[in-house]
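The values are calculated or read from the model by the stated rules, or taken from the named source; none is laboratory data. Keep in mind that what you see is a predicted model, and the values were worked out from it rather than measured. Positions of Cβ are backbone-derived with ideal geometry, glycine not excepted, and every protein chain shown enters the neighbour counts.
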Amino acid sequence: MKMTYREAIRQAMFDALAADPRVFLMGEDVGRYGGSYACSKGFLEEFGAERIRDTPLSELGFVGAGIGAALGGLRPIVEVMTVNFSLLALDQIVNTAAALRHMSGGQFSVPLVLRMATGAGRQLAAQHSHSLENWYAHIPGIRVLAPATIGDARGMLAPALADPDPVVIFEHAQLYNLEGALPDDWRCDIATAAVRREGTDVSLITYGGSLPKVFAAAEQLAAEGIDAEVIDLRVLRPLDTETIAASLRKTHKAVVVDEGWKSGSLAAEVMARLVEECFYDLDAPPARVCSEEVPIPYARHMEEAALPQVPKIVSAVKQVIGK
Amino acid sequence: MIEFKLPSLGADMDEGKLLEWKVRPGDTVKKGQVVAIVDTSKAAVDVEIWCEGTVFELLTEPDETIPVGTVMATLLEAGESAETAKRAPRAAPAPKAAATPSHPGPLPRHGGEGIVSGRRRVSPAARKHAEELGVDIETVAGSGPEGAVTLADVEQAAAAAKVSPTRTAAVTDKVADKAAEMRRAIAAAMGRSKREIPHYYLSEPVPMRRATEWLAQANEGRPITARLLMAVLQLKAVALALRKFPEMNGYFRDGAFQPATAAHIGVAISLRQGGLIAPAIHDVGEKSLEQLMLDLADLVKRARAGSLRSSEMSDPTITVTNLGEQGVAAVYGVIYPPQVALVGFGRIGEQPWVENNALGVMPVATASLAADHRVSDGHRGALFLAALRDQLQEPEKL
Amino acid sequence: MTVPYDKPFAQKLLFDMLRIRRMEEKCAELYGAQKIRGFLHLYIGEEACAVGALHALAPEDNIVATYREHGHALVRGLSMNAIMAEMFGKASGCSGGRGGSMHLFDAQTRLYGGNAIVGGGLPLAVGLALADRMLGRPAVTACFFGEGAMAEGAFHESMNLAALWRLPVLFCCENNLYAMGTALARSEAQTDLCAKAASYAVPTLKADGMDVVAVHEAAKLAAQHVRDGLGPFFLELQTYRFRAHSMFDPELYRDKAEVEAWKTRGPLHTFSARLKAEGKLTEEEFLAFDAQANAEVQASVDFAEAAEWEPVEDLLKDVYTP
């Protein structure tokens, strides 16, 4: 069955709300507006205002309230419009949600699901284009997911809600209109990375909104006789190092593609693990394609230049392969 | 301020031991002047300097073993005074060879010849796999990014090594040590050659009557010491033939062929204590046979005495080996990297020969060519050998 | 005003204040002896707030407190042993030794911490109340915070959310006049805290935080309002801490005379004097309570001292739910 990424997210939430009365959706414009990315269109009519809860513009307040509600026995899905605004709630996510179980000596888990859009590519300029997945992936106590396919958009929410600990889900804004076939078995885990394309010459490691670009690069490389393996990290914390390492043991070369800025990026973490875990399997220095170190500019050509693009990925691969 | 660094005196040289300084601070030196004698693993070599100046400081002590590229001395350029020159920080003395007989690790080397700072580029996977396969990583040429040795390079080298997996056993005796060291150096260079260079081989019987007769005539009346050897004619013939076949003369470096502008022919000389070296006679094509004879005699003498010049060690653009004295019919050589060809001559022996529709007896020597297929093809190689043959039919023009 | 409680309850209030006082005096001593480390914020002088307010709550209610929460934990029903062991960092502490003085938690008594981010507990309290409301439980969530937290955005967002959704939150501001060393008037344009809260259409009440009776009466009224489903309530308890902000504080920001003046209003001696005057307490009884409190403190120290350290192999425990 064909559907969009947006529809997959919507169906996943619809199912969760229908299946469990403890589940409710809370966030800015999730109700009457239908969700800023239209992921909860029609929910207010279906589930009512108690469970489809429009919030004031109070990220810190309603994310914290989500944590409290989770502690109190509910299964909140809290939608923060974009990762950019989530910085206003960072205290609650990092100092409370992630730390509470540990601080309380294991007495209180926080079964919260936090969804937010991330990423650039729509000329929204610096304050609406951040890719800060890495900041969250840094924090022990939370799980960080980046669904990049229709299947994951459909399948990741249920296990995230079943997780007794906080889960942050990043939906790349460029993916909402992505259309594709929903796999028959879209149920999935939230622990492992996925090999999206098998190859022997180089491992392209990526996640989220960069996956389609990496696919395009892999196709282009294939036309030139370079057989790339594509790894979709899916879960940014905890990182599935084993899947990456297994790929490296096969290809011996890696290019990490990450829309975050290079300095201190998730790509940096992946590179560090490659070196720690796979040093003796590396046949060339691993490379990174990340965003340029600049707040994302508004002008289209400048924005494009700032972000990872297919030609950059292709050229990085060739450099690593020595062609 | 000029820095005088220990030059690489061959593809297989990693380090050298300073035996003697030939200059002192304050001496003025000229281009080409021998300034030091350095013991490589192969021989004591006179090291020349390639700039003019006044020796300021000597930074290496005799008996010190230093890596290639180490600054050995500083010199003042014309107009530079000792007062204005800053003293160089003294290089940390390398451990004495006697105290630490084995070098702790591989020395910087890049693509076999160029010197880079830091470690040679070998991918971790290649290094590990080389260990597993027993391949000496230092002998493996790199094809990866920035010349790095990759997994594929190691696998290729291992496959090539299976053909001739000989290894010299370590010996403890001091003299034998030196021989073993040279053996290892030869093993490294030849091993690398066979792994790296796709050789092809051609041979051609060369009628030698005219050359023999001309030589006998030319030597008539000469004192024994001034007599020419057939080897000299062969060297000159090779040099002249090379003029039309530049792809046999030069170096293959960093993935590309660099043709040489002159024929500096390395002459394979076997040493009494075993092993061989192939120092160069420079500009063979430009020299008279008489001059070449003097050069050859001098070179053999000095090679066996262990006092070669650095340029002679590092300059050969092609090598010629003559095993005719040993009585073999033909020799198919191993190219000395980064050279791209080697010409061999076997003994001159009488053979049945058809000439002008008549069967007769002809003194014949087999000339052979081992050449690098990355640079030339068999077709050109054959034409080169034909040209060499023709040169030897007109000895008076040599 | 006479104390409007019978003798056992009146003595209970006194005894709880005494237990907090003796426990914390011991903590100060143990801090000097390096048995307790990290930050240690003492509640000495403010005991009437926790005791008066918490005795107005029911077991099913939720408590969210700050990093100055030893008293709240004790009055809520945690054993002094578990509190002391936590401050020692021992495995048998109420947070397994992972939290320390600032992070006392107890699922049993619904104490949701011990929050060391000023204002950090307020949104949490809103969420707990939201859950109770959505699940149809009649509980009140009491959220304690200092007046310093009222400068944080979290205060405003939480007041607005709780009021907007009419959630059962009892906001208890313990106004001790100083946010660390910054006096209220030096940090707030509007020093009338009730006025700030009232701007969110929340009913408010001011009470003398040095008087356990005043606190208890105000808290009963406020809790009832909340429990009746009328939405949140804001209670300002005007109090004063007699000791420094933390053990690191040299107290350069206030006069000794000011401290001494407040000490004359100390909740322990004023309340015990009142009870004695009303014939609800004898000196012998007081001394017996004191001895009992001291014995409990000593026992808790012995317990903490003897308690086991958590094995380092368990370091990564309780980051995620197994």
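If C:ALA73 meets every condition in (1) part of a helix (DSSP H, G or I); (2) within 13 Å of another protein chain (Cβ to nearest Cβ); (3) surrounded by fewer than 24 Cβ atoms within 10 Å (Cβ to Cβ); (4) of a type in the set (A, V, I, L, M, F, W, C) apart from one, which number is that one?
Result: C:ALA73 passes all but (3).
For segment A:75-111, which positions are assigned to a helix (DSSP H, G or I), touching an Asp or Glu at 6+ places or on another chain (Cβ under 7 Å) and within 11 Å of another protein chain (Cβ to nearest Cβ)?
Across segment A:75-111, the qualifying residues are A:LEU88, A:ALA89, A:ARG101, A:HIS102.
Would you mention how many residues in segment B:148-161 are part of a helix (DSSP H, G or I) and more than 9 Å from chain A (Cβ to nearest Cβ)?
Summing the residues that are part of a helix (DSSP H, G or I) and more than 9 Å from chain A (Cβ to nearest Cβ) in segment B:148-161 gives 9.
Return the residues of segment C:273-289 that are of a type in the set (A, V, I, L, M) and either under 16 Å from C:VAL213 (Cα atoms) or touching a strand residue (DSSP E or B) at 6+ places or on another chain (Cβ under 9 Å) (or both); say none if nothing qualifies.
C:ALA273, C:LEU275, C:ALA277, C:LEU281
Examine segment B:283-292 for a residue that is of a type in the set (Val, Ile, Thr) and without any contact (Cβ under 8 Å) to a residue 24 or more places away in the chain, and state whether such a residue exists.
no
Filter segment A:108-122 down to the residues that are touching a helix residue (DSSP H, G or I) at 6+ places or on another chain (Cβ under 6 Å) and not hydrophobic (A, V, I, L, M, F, W, C), then identify the one that is farthest from A:GLY260 (Cα to Cα).
Residue satisfying both the conditions and the ranking: A:SER109.
Can you name every residue in segment C:260-279 that is surrounded by 11 or more Cβ atoms within 10 Å (Cβ to Cβ) and part of a loop (DSSP other than H, G, I, E, B)?
C:ARG265, C:GLY266, C:GLU278
For segment C:134-144, name all the residues that are more than 9 Å from every other protein chain (Cβ to nearest Cβ) and within 16 Å of C:SER158 (Cα to Cα).
If the condition is that a residue be more than 9 Å from every other protein chain (Cβ to nearest Cβ) and within 16 Å of C:SER158 (Cα to Cα), then C:VAL140, C:ALA142, C:CYS143, C:PHE144 are the ones that fit.
Confirm whether A:ARG115 is within 19 Å of the chain's Cα centre (by Cα), away from every other protein chain (no Cβ under 11 Å) and in a loop (DSSP other than H, G, I, E, B). So that I can check it myself, show each step before the final result.
Numbers: within 19 Å of the chain's Cα centre (by Cα): yes; away from every other protein chain (no Cβ under 11 Å): yes; in a loop (DSSP other than H, G, I, E, B): no.
Judged against the criteria, A:ARG115 is not a match.
Give the residue that is nearest to the other protein chains (Cβ to nearest Cβ), with candidates limited to residues of segment A:252-273 that are crowded, with 22+ Cβ neighbours inside 10 Å and either at pLDDT below 95 or more than 19 Å from A:LEU132 (Cα to Cα) (or both).
A:HIS252
Quick one: how many residues across segment A:250-275 are assigned to a loop (DSSP other than H, G, I, E, B), among the polar types (S, T, N, Q) and without any contact (Cβ under 8 Å) to a residue 60 or more places away in the chain?
Result for segment A:250-275: 1.
Taking C:GLY121 as meeting all but one of (1) surrounded by fewer than 24 Cβ atoms within 10 Å (Cβ to Cβ); (2) facing chain A (nearest Cβ under 9 Å), write down the number of the exception.
C:GLY121 satisfies all of (1) surrounded by fewer than 24 Cβ atoms within 10 Å (Cβ to Cβ); (2) facing chain A (nearest Cβ under 9 Å) except (1).
Give the residues of segment C:225-249 that are out of contact with any Gly (no Cβ under 9 Å at 6 or more places or on another chain) and under 22 Å from C:ARG68 (Cα atoms), sorted by residue number.
Once the filter is applied, which keeps residues that are out of contact with any Gly (no Cβ under 9 Å at 6 or more places or on another chain) and under 22 Å from C:ARG68 (Cα atoms), segment C:225-249 yields C:PHE233, C:PHE234, C:LEU235, C:ALA244, C:SER246, C:PHE248.
Can you confirm whether segment A:290-306 contains a residue that is at pLDDT 95 or above, away from chain B (no Cβ under 14 Å) and under 30 Å from B:GLU131 (Cα atoms)?
No - not one qualifying residue is present in segment A:290-306.
Of everything in segment B:300-323, what is surrounded by fewer than 22 Cβ atoms within 10 Å (Cβ to Cβ) and in a helix (DSSP H, G or I)? Give them in sequence order.
B:VAL300, B:LYS301, B:ARG302, B:ARG304, B:ALA305, B:SER311, B:SER314
Looking at segment B:328-340, is at least one residue loosely packed, with under 15 Cβ neighbours inside 10 Å and free of Cβ contacts under 8 Å to residues at least 24 places away in the same chain?
Among the residues of segment B:328-340, at least one is loosely packed, with under 15 Cβ neighbours inside 10 Å and free of Cβ contacts under 8 Å to residues at least 24 places away in the same chain, which makes the answer yes.
Only one of B:PHE257, B:PHE245 is touching a Leu at 6+ places or on another chain (Cβ under 8 Å) and in contact (Cβ under 8 Å) with a residue 24 or more places away in the chain; which?
Result of the check over B:PHE257, B:PHE245: B:PHE245.
Which residue is farthest from A:LEU57 (Cα to Cα), if the candidates are limited to segment A:18-32 and must be away from chain C (no Cβ under 12 Å) and within 24 Å of the chain's Cα centre (by Cα)?
If we take residues in segment A:18-32 being away from chain C (no Cβ under 12 Å) and within 24 Å of the chain's Cα centre (by Cα), then A:LEU25 is farthest from A:LEU57 (Cα to Cα).
Out of B:GLN291, B:GLN351, I need the residue that is over 20 Å from B:TYR200 (Cβ atoms) and in a strand (DSSP E or B). Which one? Give the steps one after another, and end with the answer.
Details: B:GLN291 fails: in a strand (DSSP E or B).
When all the criteria are applied, what remains is B:GLN351.
Within segment A:50-74, track down each residue that is surrounded by fewer than 24 Cβ atoms within 10 Å (Cβ to Cβ), at the interface with chain C (Cβ under 7 Å from one of its Cβ atoms) and not hydroxyl-bearing (Ser, Thr, Tyr).
Once the filter is applied, which keeps residues that are surrounded by fewer than 24 Cβ atoms within 10 Å (Cβ to Cβ), at the interface with chain C (Cβ under 7 Å from one of its Cβ atoms) and not hydroxyl-bearing (Ser, Thr, Tyr), segment A:50-74 yields A:GLU50, A:PRO56, A:GLY73.
Is segment A:75-96 home to any residue that is among the small types (Gly, Ala, Ser) and either touching a residue at least 60 places away in the same chain (Cβ under 8 Å) or surrounded by fewer than 20 Cβ atoms within 10 Å (Cβ to Cβ) (or both)? Please lay out each step first, then the result.
If we filter segment A:75-96 for residues that are among the small types (Gly, Ala, Ser), which is where we start, we get A:86, A:89.
Applying the additional criterion that residues be either touching a residue at least 60 places away in the same chain (Cβ under 8 Å) or surrounded by fewer than 20 Cβ atoms within 10 Å (Cβ to Cβ) (or both) yields none.
Within segment A:75-96, not a single residue is among the small types (Gly, Ala, Ser) and either touching a residue at least 60 places away in the same chain (Cβ under 8 Å) or surrounded by fewer than 20 Cβ atoms within 10 Å (Cβ to Cβ) (or both).
Of the residues that sit in segment C:287-322 and are more than 14 Å from chain A (Cβ to nearest Cβ) and of a type in the set (Val, Ile, Thr), which one is surrounded by the fewest Cβ atoms within 10 Å (Cβ to Cβ)?
C:VAL312
Within segment A:132-181, how many residues are within 14 Å of chain C (Cβ to nearest Cβ), over 24 Å from A:PHE215 (Cβ atoms) and either of a type in the set (Phe, Trp, Tyr) or touching a helix residue (DSSP H, G or I) at 6+ places or on another chain (Cβ under 7 Å) (or both)?
Qualifying residue count for the region: 8.
Restricting to segment C:95-105, give me the number of residues that are facing chain A (nearest Cβ under 7 Å) and either at negative phi or without any contact (Cβ under 8 Å) to a residue 12 or more places away in the chain (or both).
So the answer is 5.
If the Cβ limit is 6 Å and pairs must be 6+ apart or interchain, which residue in segment A:305-323 that is part of a helix (DSSP H, G or I) pairs with which residue that is of a type in the set (Asp, Glu)?
Note: pairs meeting the criteria are A:ALA306/A:GLU292.
Tell me which residues, restricted to segment A:49-95, are closer than 20 Å to C:ARG166 by Cβ and small (Gly, Ala, Ser).
A:ALA49, A:SER58, A:GLY61, A:GLY64, A:ALA65, A:GLY66, A:GLY68, A:ALA69, A:GLY72, A:GLY73
Within segment B:195-260, which strands (runs of 3 or more DSSP E) (wholly inside it) include 1 or more residues that are surrounded by 19 or more Cβ atoms within 10 Å (Cβ to Cβ) and in the same structural domain as B:PHE384 (by TED's automatic domain parsing)?
Values: elements: B:199-207, B:250-253, B:256-259.
Passing ranges, in order: B:199-207, B:250-253.
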